[in-house]
C-alpha cells in the first residue's frame, strides 16, 4: 500500500519521489507528491526516512520508533566494536531478563529483508532447563546418525559425560524460523541473526552460532516437535546467548581478506 501524505506537513521538496525505487510519487501542480492507488509499494520506508518533515506514514505499520535516525559511527569506533566480537562458549549461570531481550529485538527487527517482506520469526527459549532438554534431543540425533568413527560422535559422547559441546551451557537460545518454501528466507534469517549477534555485546551479552543444533532441529522429528514451530516453518539458524563468563581484552589475528578487483 502506498504511503499516506499529510499535506499540512509536506515541504514539497520532492525527495520522496526521488528515492522511491519504483518512482511511485508524481508531483501535482501544487508541488505535493501523489501516490496512485493500487501501485506496487514495498513499504520499504525510504520515502519516510528521507522526508524532512515527517509528512508520510504507512497505514497499519504502527507508530514509528520514538527516536531519531542515528548519525554515522566513526570507522574507528565501528571497527573496534566489530573486531572485538567473540563467539561465546562459556556463560555465567545467570538468566537474561526478558525486558532486555525485548529491547534487543526491538533493534533487530530493523534488519533488511528481501523486498521488505520481513518473513523471519523468532523462537526464544528462555527457560534454561528447556534448553538442556532440547540439547539432549540434539545429542540423540547425532548419536543416531553419526557413524562410530565420525567426528560428530564427539558431541553426544561428551554430552553423555556431562560436557555440553553442542550449546555450551548457554542459558538461552534463539531460533530464527520462516516458511520452508520461502526461497529467500534463508538469507533474511542469516542477516537478522547477524544483527542479533552484533547487538548482544552492547548489552553486556554474548552469543554463539549453533549450527549443529540447527541441523538437528531441521532433521530430527522429536526435536522439531519439541520446538513446536508453526506448520510449514523450518529453522534457518540458532544463536546461543547469555552473559559471558570471561572477559576478552585483545583481538586475535585473522587472515587478510581474499580480494579481487575488476
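Read-outs throughout are calculated quantities, based only on the coordinates presented, and are distinct from any laboratory measurement. Everything numeric here is computed off the predicted structure, so don't read it as measured data. Cβ sites come from the backbone with ideal geometry, for glycine too, and all protein chains shown count toward neighbours.
Shape of the stretch 171-245 from its Cα gyration tensor (a ≥ b ≥ c, root eigenvalues): rounded if a/c is under 1.5, otherwise prolate when a/b > b/c, or oblate? Don't skip to the end; give the middle numbers.
Numbers: a/c = 2.64, a/b = 1.52, b/c = 1.74.
Verdict is oblate for the stretch 171-245.
When peptides 45-55, 131-141 are sorted by average Cβ neighbour count within 10 Å, with the highest value leading, the order is 131-141, 45-55. When only Cα pairs below 8 angstrom with a gap of at least 6 residues are kept, the chain shows a relative contact order of 21 percent.
Calculate for the chain the 222 nm mean residue ellipticity that helices alone would give, adding -39,500 (n - 2.57) per DSSP H run of length 4 or more and normalising by residue count, nearest 500 deg cm²/dmol. Present the calculation step by step, with values, prior to reporting the outcome.
Details: 9 runs with 86 residues, N = 262.
Helix contribution divided over all residues of the chain: -9500 deg cm²/dmol.
Once fully extended, how much extra length lies between residue 28 and residue 251, figured as 0.36 nm per residue of separation less the alpha-carbon to alpha-carbon distance? Display every interim value, and only then the final one.
Values: separation 223, 0.36 × 223 = 80.28 nm, distance 5.61 nm.
Result: 74.7 nm gained on full extension.
Separation of the stretch 18-43 and the stretch 68-112, taken as the distance between their Cα centroids, equals 36 angstrom.
Please build a GNM for the chain, connecting alpha carbons under 10 Å apart, and tell me which residue among 244, 33, 201 fluctuates the most. It is 33. When the Gaussian network model of the chain links Cα atoms closer than 10 Å, the mean-square fluctuations of 219, 95, 84 top out at 84.
Specify the angular offset, from 0 to 90 degrees and rounded to the nearest 10, of the alpha carbon long axis of helix 185-199 from the longest principal axis of the alpha carbons in the chain. Tilt relative to the chain: about 80 degrees. Seen against the Cα atoms of the chain and their longest principal axis, helix 128-145 is set at about 70 degrees. Note on residue 140 and residue 99: the model spin-label points, each 7 Å out from Cα along the C-beta direction, lie 3.8 nm apart.
For the chain, a Gaussian network of Cα nodes joined below 10 Å ranks 86, 99, 109 by mean-square fluctuation, and the top entry is 99. Could I have the simple spin-label model distance between residue 92 and residue 73, label points 7 Å from Cα toward Cβ, reported in nm to one decimal? Label-label distance for residue 92 and residue 73, simple model: 2.2 nm. Helix 98-108 and the longest principal axis of the C-alpha atoms of the chain enclose an angle of approximately 50°.
Taking 0.36 nm per residue of sequence separation and subtracting the Cα-Cα distance, how much length would be gained by fully extending the chain between residue 59 and residue 262, in nm to one decimal?
Between residue 59 and residue 262, full extension yields 68.7 nm more.
Please report the relative contact order for the stretch 1-63, taking Cα pairs under 8 Å with a sequence separation of at least 6, and give it as a percent rounded to a whole number. Could you put the intermediate results ahead of the total?
On the way: 95 pairs, mean separation 29.9, N = 63.
The value is 48 percent.
By the gyration tensor of its Cα atoms, with a ≥ b ≥ c the square roots of the eigenvalues, what is the shape of the stretch 76-242: rounded for a/c under 1.5, prolate for a/b over b/c, or oblate? Judged from the Cα gyration tensor, the stretch 76-242 comes out oblate (a/c at least 1.5, b/c at or above a/b). According to the square roots a ≥ b ≥ c of the eigenvalues of the Cα gyration tensor, what is the shape class of the stretch 128-223, taking rounded for a/c under 1.5, prolate for a/b larger than b/c otherwise, and oblate for the remainder? Judged from the Cα gyration tensor, the stretch 128-223 comes out oblate (a/c at least 1.5, b/c at or above a/b). Dividing the mean sequence gap of close Cα pairs (under 8 Å, 6+ apart) by how many residues the stretch 109-262 holds gives a relative contact order of 29 percent.
Once the Cα-Cα distance is subtracted from the 0.36 nm per residue extended length, the residue 39 to residue 160 segment shows a gain of 37.7 nm. Of all DSSP-defined beta bridges confined to the chain, some 95% are antiparallel rather than parallel.
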